[in-house]
1. Only residues that are farther than 19 Å from Arg11 by Cβ and either in contact (Cβ under 8 Å) with a residue 60 or more places away in the chain or within 16 Å of the ligand (Cβ to nearest atom) (or both): list them for segment 34-61, please.
2. Of (1) touching a residue at least 60 places away in the same chain (Cβ under 8 Å); (2) polar (S, T, N, Q); (3) part of a helix (DSSP H, G or I), Ser21 satisfies all except one. Which?
3. Residues to consider are Ala98, Ala109; find the one that is within 25 Å of Lys52 (Cβ to Cβ) and either open to solvent by 20 Å² or more (accessible area, probe 1.4 Å) or not hydroxyl-bearing (Ser, Thr, Tyr) (or both).
4. If the requirement is being among the acidic types (Asp, Glu), more than 14 Å from the ligand (Cβ to nearest atom) and over 22 Å from Met1 (Cβ atoms), which of these qualifies: Glu88, Glu82?
5. Going through segment 1-33 one residue at a time, which ones are farther than 19 Å from Arg140 by Cα, β-branched (Val, Ile, Thr) and buried (at least 19 other Cβ atoms within 10 Å of the Cβ)?
6. If I ask for residues that are aliphatic (A, V, I, L, M) and buried (at least 17 other Cβ atoms within 10 Å of the Cβ), which ones from segment 35-47 would you list?
7. Restricting attention to segment 48-72, which residues are among the acidic types (Asp, Glu) and crowded, with 19+ Cβ neighbours inside 10 Å?
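The values are calculated or read from the model by the stated rules, or taken from the named source; none is laboratory data. The structure displayed is predicted, hence computed values, not measured ones. Neighbour counts are summed over all protein chains in view; Cβ atoms, including those assigned to glycine, are modelled from backbone coordinates with ideal geometry. With ligands, DNA and RNA removed, areas are computed over all heavy atoms of the protein, side chains included. Shrake-Rupley method; radii C 1.70, N 1.55, O 1.52, S 1.80 Å.
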Amino acid sequence: MREVVLWPDPRLSTPCAPVGSEDVSALVTEMFEVMYAAPGRGLAAPQIGVLKRIFVMDCGWKDGDMTPIACIDPEILWSSAETGEMTEGCLSIPDAPAPVTRPLEIRLAYTDLTGARIEQHLTGFEARCAQHEFDHLEGRVIFDRLAPDLRAALETPYLEARA
Ligand code: NI
């Protein structure tokens, strides 16, 4: 199984390339394996070193409700004006959760594994998770969403612990 790429690996700061019509089913299977083993609720392809616009998520499995979705070439079509703060963790930044402010609801479009283009209105933890994973495809991590002083307060000890 592939290892999760850890911050500050430069692959986590690189915008990913569109997938288009390429068959990525084997890669998606591998991403779910890595995500469930981690264990996590979401994983983006760059987190296993593949710079393609794909993320997987399953916000319910830890509560016994399996809801796996694979999002290929996702787009955020709309974001609510209302925002909220929540502490987010990231498999690529172990033990350094950070409070991130994001829109509370989004409309997400993506291609699924059958090639169908899907549109979904997401709320709650799913909206949160999808935005976090979408950020990875743009080369953004949770630290990039923080004010500079808070970022320094959280990132400096993280980097020191890994040095
Ligand atoms: Ni993450």
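1. Just the residues of segment 34-61 that are farther than 19 Å from Arg11 by Cβ, to begin with: 36-37, 39, 41, 57-61.
Passing the criteria: Tyr36, Ala37, Pro39, Arg41, Met57, Asp58, Cys59.
2. Of the numbered conditions (1) touching a residue at least 60 places away in the same chain (Cβ under 8 Å); (2) polar (S, T, N, Q); (3) part of a helix (DSSP H, G or I), the odd one out for Ser21 is (3).
3. Ala109
4. Details: Glu88 fails: more than 14 Å from the ligand (Cβ to nearest atom).
Residue meeting the stated conditions: Glu82.
5. Of everything in segment 1-33, those that are farther than 19 Å from Arg140 by Cα, β-branched (Val, Ile, Thr) and buried (at least 19 other Cβ atoms within 10 Å of the Cβ) turn out to be Val24, Val28.
6. Let us first name the residues in segment 35-47 that are aliphatic (A, V, I, L, M), namely 35, 37-38, 43-45.
Those that are aliphatic (A, V, I, L, M) and buried (at least 17 other Cβ atoms within 10 Å of the Cβ): Met35, Leu43, Ala44, Ala45.
7. Here is the first cut: in segment 48-72, the residues among the acidic types (Asp, Glu) are 58, 63, 65.
Within segment 48-72, just Asp58 meets the criteria.
The rows are residues; the columns are (1) open to solvent by less than 60 Å² (accessible area, probe 1.4 Å); (2) in contact with a Cys (Cβ under 6 Å, 6 or more places away or on another chain).
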position: Pro103; (1), (2): yes, no
position: Leu113; (1), (2): no, no
position: Glu126; (1), (2): no, yes
position: Gln131; (1), (2): yes, no
position: Glu138; (1), (2): no, no
position: Glu160; (1), (2): no, no
